Amino acid sequence: MRAKQLIPNWLRNYHRKWLAGDITAALVSGMLLVPQGLAYALLAGLPPHIGLYASLLPLIAYAAFGSSSAMALGPVAVISLMMTSSLSPLAATGSAEYIAAAIMLTLLSGLFLFAMGLLKLGVLSNLLSHPVISGFIAGAGALIIVGQLPALLGIEADGETASIQLFHVIEHLPEAHLTTMLFGVVTVILLVFSRTWLPMLLFRIGTPKQFARLAAKLMPMLLVLLAIAMVHWLKFDDKLAIIGEIPRGLPRITLPNLDWNLVYQLLLPALMIALMGFVESLSIAQALATQRSERVNADGELLGLGAANITSALSGGLPVAGSFSRSAVNADSGAKSPLAGVLSALLMVPVLLYLTAFFGELPLTVLAAIIIVAAAGLIDFKGFIQNWRYDRTDGIAMLFTFLGVLLFGVEVGIALGIGLSFATLIWRSSRPHIAVVGRVPGTEHFRNVVRHDVKTHKNLLFLRIDESLFFSNISAVEDRLLLELKRHPETRELVIILSSVSRIDGTALERLHQINKDLQRRDIRMHLAEVKGPVLDRLSRSKLLERLSGRIFLSSYIAELALQKEQKELQEQDTGEDRQGDASPSL
């Protein structure tokens with residue numbers, strides 16, 4: 001029984017009819033895995049074969065733990081950029097020390113992910129808001145594009161920030177290597193054409209829609225093969241910078257050298273890479289699951305990504321995460337289970353054993369073009385416009401995260417993004433929506449007096465608070481309450497509707513005590529209505545309910561009926577006393 005539980009659920013329930021789709025998807029997405037593995041290893045400042053190592057065992061490890069049926073794992077652009085930013089201050093790019101630090105960074109990020117999975121911390125995917133993630137990814141995409149321009153154009157240009165590097169590229173543009181630039185620019189044009197126009201063109205000439213999309217997505221691999229053929233047959237290796245020698249053979253399983261000083265320096269970068277890889281991968285997995293009417297287990301994704309990164313480190317690879325482009329290709333090609341990823345990984349075996357010399361002739365400018373076009377797809381202009389129109393706060397958060405990454409680097413951009421996520425949350429919560437409400441005639445429903453034609457009462461005021469009460473917003477609530485009492489000076493009964501309040505913290509509780517006392521001195525009773533059970537339980541352990549000048553009502557309608565009845569009885573009693581006073585003989 002225990003041995004059976006070690007077999008992944010998808011494998012225990014595998015249907016034979018899925019095999020054809022999984023094999024097709026493996027062949028198609030595996031063709032993309034080779035150029036992207038090479039490209040993103042170079043982007044991370046590592047030898048290209050390390051990207052191929054990361055495309056083998058990690059995919060098998062993810063299949064054992066992950067929960068997505070179609071997500072394609074491997075090296076990705078954003079994580080590679082984060083690696084470069086983290087490791088560049090520690091060692092010379094491409095050196096043995098740099099490679100050792102990269103493998104340790106991969107191991108630490110994997111351990112973080114796996115530990116978070118064991119601790120059921122999938123909720124951490126909510127740490128960053130979607131606009132902040134989009135802003136970070138867009139900024140990373142812009143950084144990647146600027147960083148790849150020198151390789152694309154065949155010039156020397158560097159700089160501590162993207163703006164300085166872009167200035168150097170423009171300054172040295174007249175020195176661009178003509179052949180290199182021609183290869184690179186033509187590759188960019190063909191890739192852009194394949195993304196925007198080729199599917200439509202193929203579809204119009206009668207190609208099936210699904211095949212037309214796949215053909216466009218396979219264009220990077222086709223251009224890679226074409227560029228290698230041109231270099232080999234036309235002897236362009238002396239005119240173009242190429243990848244060069246790629247070690248032949250499969251990766252060896254080894255433990256990284258343990259350097260505690262290095263571990264200490266890499267803890268924070270590893271945590272950032274782990275979180276970003278998880279958030280990016282989970283968003284891909286959830287999107288695919290929605291299309292397929294499936295469910296994704298966030299904790300299972302943490303375990304799968306953790307196992308994949310640990311395996312990548314042990315086999316000498318770099319950090320891996322879900323890939324937007326390969327996952328889309330994987331799903332469109334008919335992937336039915338994680339077996340497609342396993343088969344894609346197995347395709348790396350003949351590549352590493354027999355084809356390394358072939359891929360060693362790939363021009364660097366072509367790889368740069370592939371990276372640039374892929375990175376351009378990360379910049380979501382439409383998403384920014386939508387966020388700006390829907391909620392200016394989200395738009396500002398996205399814009400400032402983008403600028404933070406672009407102007408100050410990845411670490412500052414991530415820190416700014418996390419800070420903006422929390423700042424946005426606190427800003428919104430500190431300005432709760434509070435509405436004066438009245439009853440819709442003929443119903444028991446209470447609605448905002450500004451939006452609906454409702455019935456109100458002269459000395460009875462209903463206020464609905466649409467946010468939990470805590471230290472940062474209770475002052476705003478008190479200010480609004482006093483403002484409404486000033487607008488309604490005849491109020492003698494204040495009913496606070498708490499239907500949307502899920503929690504009241506200690507600071508808010510103390511202020512409610514004080515508000516209750518202040519209202520009593522003004523001869524105004526404070527009532528509570530529609531209090532949630534958990535909130536009422538907590539309030540019952542305080543003195544507020546004992547000292548409350550008014551009552552607690554099950555609903556606003558019941559409060560209206562009861563308080564109207566009390567007021568009517570008081571008026572009748574006052575009228576009777578007045579009549580009795582008028583009828584008594586004068587002294």
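The values are calculated or read from the model by the stated rules, or taken from the named source; none is laboratory data. Note that the structure is predicted; figures quoted are calculated from it, not measured. Cβ coordinates were reconstructed from backbone atoms using ideal geometry, including for glycine residues, and neighbour counts include every protein chain displayed.
Looking at the stretch 284-303, is at least one residue part of a loop (DSSP other than H, G, I, E, B) and exposed (fewer than 14 other Cβ atoms within 10 Å of the Cβ)? Yes, some residue in the stretch 284-303 is part of a loop (DSSP other than H, G, I, E, B) and exposed (fewer than 14 other Cβ atoms within 10 Å of the Cβ). Assessment of the stretch 503-522 against the conditions (over 39 Å from the mean Cα position of the chain (by Cα), of a type in the set (Val, Ile, Thr) and under 23 Å from residue 538 (Cβ atoms)) yields at least one matching residue. The listed residues are 471, 422, and the only one of them that is closer than 30 Å to residue 125 by Cα, without any contact (Cβ under 8 Å) to a residue 12 or more places away in the chain and under 39 Å from the mean Cα position of the chain (by Cα) turns out to be 422.
Against the test of being of a type in the set (Asp, Glu), out of contact with any Pro (no Cβ under 9 Å at 6 or more places or on another chain) and surrounded by fewer than 23 Cβ atoms within 10 Å (Cβ to Cβ), the options 97, 156 yield a single qualifying residue, 97. Against the test of being over 21 Å from the mean Cα position of the chain (by Cα), under 23 Å from residue 140 (Cβ atoms) and crowded, with 24+ Cβ neighbours inside 10 Å, the options 88, 68, 55 yield a single qualifying residue, 55. The listed residues are 73, 46, 56, 52, and the only one of them that is under 19 Å from residue 152 (Cα atoms) and in the same structural domain as residue 91 (by TED's automatic domain parsing) turns out to be 46.
Which residues, counting only those in the stretch 61-70, are out of contact with any Lys or Arg (no Cβ under 9 Å at 6 or more places or on another chain) and either in a loop (DSSP other than H, G, I, E, B) or under 15 Å from residue 147 (Cβ atoms) (or both)? Passing the criteria: 66, 68. Scanning the stretch 317-376 for residues being closer than 21 Å to residue 215 by Cβ and among the charged types (D, E, K, R) gives a total of 2.
Within the stretch 1-27, residues that are in a loop (DSSP other than H, G, I, E, B) sit with their Cβ atoms under 8 Å from residues that are modelled with pLDDT of 85 or more and buried (at least 17 other Cβ atoms within 10 Å of the Cβ), at 6+ positions apart or across chains, in these pairs: 8/63; 8/64; 8/65; 8/338; 14/337; 14/339; 15/336.
The single residue among 226, 222, 201, 191 that is within 30 Å of residue 385 (Cβ to Cβ), assigned by TED's automatic domain parsing to the domain that holds residue 366 and either surrounded by fewer than 19 Cβ atoms within 10 Å (Cβ to Cβ) or over 32 Å from the mean Cα position of the chain (by Cα) (or both) turns out to be 201. The strands (runs of 3 or more DSSP E) located wholly in the stretch 387-480 that include 3 or more residues which are modelled with pLDDT of 85 or more, of a type in the set (A, V, I, L, M, F, W, C) and surrounded by 15 or more Cβ atoms within 10 Å (Cβ to Cβ) occupy 434-439, 460-465. The lone criterion from (1) surrounded by 13 or more Cβ atoms within 10 Å (Cβ to Cβ); (2) in a helix (DSSP H, G or I); (3) of a type in the set (Ser, Thr, Tyr) left unmet by residue 207 is number (2). With respect to residue 105, determine if the residue is assigned by TED's automatic domain parsing to the domain that holds residue 368, farther than 21 Å from residue 303 by Cβ, at pLDDT 85 or above and over 21 Å from the mean Cα position of the chain (by Cα). Criteria not met by residue 105. Cβ-Cβ contacts under 8 Å between residues 6 or more apart (or on different chains), taken from a first residue in the stretch 271-283 that is assigned by TED's automatic domain parsing to the domain that holds residue 69 to a second residue that is hydroxyl-bearing (Ser, Thr, Tyr) and buried (at least 24 other Cβ atoms within 10 Å of the Cβ), are listed as 271/109; 273/109; 274/109; 277/109.
Residues of the stretch 236-260 that are part of a loop (DSSP other than H, G, I, E, B) and closer than 15 Å to residue 359 by Cα: 240, 241, 243, 244, 245, 246, 247, 248, 249.
Taking (1) of a type outside the set (Val, Ile, Thr); (2) out of contact with any Lys or Arg (no Cβ under 9 Å at 6 or more places or on another chain); (3) free of Cβ contacts under 8 Å to residues at least 24 places away in the same chain in turn, residue 508 satisfies each apart from (3).
Tell me yes or no: at least one residue of the stretch 211-222 is more than 24 Å from residue 361 (Cβ to Cβ), of a type outside the set (Ser, Thr, Tyr), touching a Gly at 6+ places or on another chain (Cβ under 8 Å) and part of a helix (DSSP H, G or I). Looking for residues that are more than 24 Å from residue 361 (Cβ to Cβ), of a type outside the set (Ser, Thr, Tyr), touching a Gly at 6+ places or on another chain (Cβ under 8 Å) and part of a helix (DSSP H, G or I), one finds none in the stretch 211-222, hence no.
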